1. To the nearest 20 Debye, how big is the dipole of the chain about its Cα centre, given +1 on the beta carbon of each Lys and Arg and -1 on that of each Asp and Glu?
2. Could you give the spread of the C-alpha atoms of the chain along their three principal axes, from largest to smallest, in whole angstroms?
3. Springs between alpha-carbon pairs under 10 angstrom, Gaussian network model over the chain: which of Ala79, Ala295, Ala261 fluctuates most?
4. Can you compute the FRET efficiency between Glu349 and Lys281 using 1/(1 + (r/R0)^6), with r the Cβ-Cβ distance and R0 = 35 Å? Round to the nearest 0.05.
5. Hey, with R₀ at 30 Å, roughly what FRET efficiency would Leu92 and Asp189 work out to, going by the Cβ-Cβ distance, to 0.05?
6. Over the Cα atoms of the range 120-278, Rg to Rh with Kirkwood Rh, two decimal places?
7. At 0.36 nm per residue, and after removing the present C-alpha to C-alpha distance, how many nm does the segment from His110 to Ala273 gain when stretched out fully?
8. Relative to the longest principal Cα axis of the chain, at what angle does helix 301-313 sit, 0 to 90 degrees, rounded to 10?
Amino acid sequence: MSVAAKHKIITDLKERAQKLGFVHFGIASAKAPDVWRERLANAVKQNWHGDMEWMAETFDRRFAPTSLWHEAKSAIVLAYNYTPDSNPMDMLDQTEKAIVSAYARNRDYHDIIKGKLKELAGVLARQGDCGVKVFVDTAPLMEKPLAQLAGIGWQGKHTVLVSKQEGCWLFLGVILTDAELPLDKAETDHCGSCTRCLDVCPTNAFPGPYKLDARKCIAYLTNEFKGVIPVEFRKPIGNRIYGCDDCLAVCPWNKFAKTTADTKLQMRADLRAPNLVELAKFDDATFRAFFAGSAVKRLGRDAFMRNVLIALGNAHGHDVVDKIEDHLSDPNPIVRGAAVWALRQHLSEDELASRYGQAVNTEADESVIAEWQGNAK
């Protein structure tokens, strides 16, 4: 493929990408710097990935695109804006309401972006007569470092990609190709001395700048982790039932972000400020129907209800005890245990004994906790 032909293809791809709604387009080499492997190895060694065992299992394929596809020579990285129309942190004091992370308040972004990437990849394959592979956060590919290499933004101190033009609210997609394309200049770090994202974290999940311990991260605990959430993190979770946006929301670069124009990513009315008591009524069928097409559905009803009950435990000053009580006989021990904990946030030991007899005394509570832990292993 001639230089002129490559530039023509890239121009066509950029124009089409813009029409499809992408706000950034950059090209990086599929060969990764050695430092990527070192950083990933250190994170895995520290067990910062929690129970996401696939991080360690796919290590050899994860640290470089060429490890995933040996023929890959170039990576086209695209960013898609999902900026919410309001700050998710504004709801933290509305403890009777639930907060769902901005990225999950409507359609699953995987479905939206993958189709657009496939269209672009098809153009590249036809015009460039080359091989292509499409990725949207579903394969062992380090999209954020790759996006920085492609000049789209940089990984901030909160480890999330930051763009000078778009802020933090970005989904990333990657097209790998075996064609050698002209590369963009890598972006540099513009965080400076700012530590807002580190300072705001409710659970101190950052061991240091540019490092994240998922085991302490509310986003991980509420949307990836299916086991028993450690007691020390339950009060800091507050009313967040799926994900956490605090470290993104405080980033000063968001002043340049514009609310997403994609109606499929704009907040659903029924997820703007859902009532925790109403969510606590969901059985499996209701949960699946309510979150059909949403990323939340992948969590499953039981882990979702665990999150709702923890949030109800933090809903002080609201009449929620009866709804919590309904889950003491839930078939899932993790849900039952979360209900016990939530009740203890609202009722004294005497009130618990009076209301439930021996069912929720300290000894029984400890046995329930042991039961969840046994099932979580």
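Every number here is computed from the coordinates shown, using simple stated rules; none is lab data. Predicted model only: the values in this text are computed from it and were never measured. Cβ placement follows ideal geometry from the backbone for every residue including glycine, while neighbour counts extend to all protein chains displayed.
1. Numbers: 48 positive and 49 negative charges, 313 e Å.
Dipole of the chain, to the nearest 20 debye: 1500 debye.
2. Computed over the chain, the largest-to-smallest principal extents equal 82, 42, 41 Å.
3. Ala261
4. Details: r = 28 Å, r/R0 = 0.80.
The pair Glu349/Lys281 has a calculated efficiency of 0.80.
5. Values: r = 29 Å, r/R0 = 0.97.
Efficiency, rounded to the nearest 0.05: 0.55.
6. Checking Rg against Rh, the ratio lands at 1.01.
7. Numbers: separation 163, 0.36 × 163 = 58.68 nm, distance 2.38 nm.
Extra length available between His110 and Ala273 comes to 56.3 nm.
8. 60
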